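The values are calculated or read from the model by the stated rules, or taken from the named source; none is laboratory data. Predicted, not measured: the structure shown is a model, and the values here were computed from it. Backbone-built Cβ (ideal geometry, glycine too); neighbour counts: all protein chains shown.
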Amino acid sequence: MTDHPARYWHPLPDGRLQCDLCPRDCRLHEGQRGACFVRQMVGGTMVLTTYGRSSGFCIDPIEKKPLNHFYPGSSVLSFGAAGCNLACKFCQNWDISKSRDMDRLMDSAGPADIAAAAARHHCRSVAYTYNDPVIFAEYAIDTALACRAQGIANVAVTAGYIHPDARRDFFAVMDAANVDLKAFTDDFYVHQCGAHLTPVLDTLAWLHHDTDVWVEITTLLIPGLNDSDAEITQLSQWIATELGPDVPLHFTAFHPDYKLDQIPATPPATLTRARRIARDAGLHHVYTGNVHDPDGSSTYCPGCGQVVIERDWYAIGTYRLDAHGACTGCGTPIAGRFADFRGAFGPRRVPVHIHAQNG
Ligand code: SF4
């Protein structure tokens, strides 16, 4: 189960094929792979070379995606494949995203296998994560449909760099997304990621206004590159104005990695400063991540101000929401997707091996 007919491409007059999946618009000769490495022109057609192959499966707490307002405390079966359509110099998963070695894809698992494993392990959702699932859209969509058939939700962890036609199909089967907003300047996207800012903002606005997908946003703050007061203010104001104050925003800490190993780790004070700026801009739910900060990890009621979900790393303490997500103190509804809370999965990560049986 490897090469799979790809969608989202068209032939060019010179015999090449143009991929229409993401705004990189790769134009491929016979045998050539796109910038993501996993889509290839083979025999005059386009194929996805990683269908049914994964870099591994783990069960995580949903808070690790991070999603703090999507069935808090639930467990999610997470998997990814290889390659990526962005080229972030600071990638924190570069062994997967920059992989040119398909042998890394140890686990072979079809959509039905994944849905069955999620059901067997009582996961509320499956996350398409680790590398950007946009590039394995056909595999993600088929898996998401299999999961939905079993009552399991789907979560995309993505940079949101995808053309509108493919975006419509991809997110039609997703229930939640954490979208990276990597910075708020096109210069950063061009020079650090090999991409552009505008398509990401388009995806965020479209998701919020035109779909039912629950959306949270993550910005990895990198010292000296995207952590100025001015840029954090602009980013936060854009979210507040264009998406509204209830969209959660996660500021996470950078650790020296990949091509940016000469830049120091993000000081916790930077995350606290960013959180204050974003809250001052009117956002109700602003979180810090990758650092130990119980205040910045917890959820507060925008009505009465009390802690409604207390977190320490990925562990949940006090929980003060009813089954519909309303504050038990004042009744204010908290934005998100909630259910009766019957205890949390906990902070652990559990590796899962999936035996492929079905296509
Ligand atoms: S999905 Fe891959 S092949 Fe297609 S345009 Fe994007 S980077 Fe290129």
| message | Could you tell me how many of the residues in the range 278-306 are in contact with a helix residue (DSSP H, G or I) (Cβ under 6 Å, 6 or more places away or on another chain) and more than 21 Å from ASN178 (Cα to Cα)? | response | 0
| query | Under the condition of being closer than 23 Å to VAL291 by Cα and of a type in the set (A, V, I, L, M, F, W, C), which residue from the range 210-229 is farthest from the chain's Cα centre (by Cα)? | reply | LEU225
| request: Taking the residues in the range 224-235 that are out of contact with any strand residue (DSSP E or B) (no Cβ under 7 Å at 6 or more places or on another chain) and touching a residue at least 40 places away in the same chain (Cβ under 8 Å) as candidates, determine which candidate is nearest to LEU260 (Cα to Cα). | output: LEU225
| query | Restricting to the range 291-343, what's the tally of residues that are among the charged types (D, E, K, R) and part of a strand (DSSP E or B)? | reply | 4
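Considering each of ALA118, ALA144, ALA127 in turn, give the residue that is in contact with a strand residue (DSSP E or B) (Cβ under 7 Å, 6 or more places away or on another chain) and free of Cβ contacts under 8 Å to residues at least 40 places away in the same chain. Break it down stepwise before answering.
Numbers: ALA118 fails: free of Cβ contacts under 8 Å to residues at least 40 places away in the same chain; ALA127 fails: free of Cβ contacts under 8 Å to residues at least 40 places away in the same chain.
Unique residue meeting the criteria: ALA144.
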| Residue count, the range 148-168 (criterion: touching a Pro at 6+ places or on another chain (Cβ under 8 Å) and without any contact (Cβ under 8 Å) to a residue 60 or more places away in the chain) | 3
| message | Given the criterion at pLDDT 95 or above and within 18 Å of ASN93 (Cα to Cα), identify the matching residue among THR288, THR272, THR252. | response | THR252
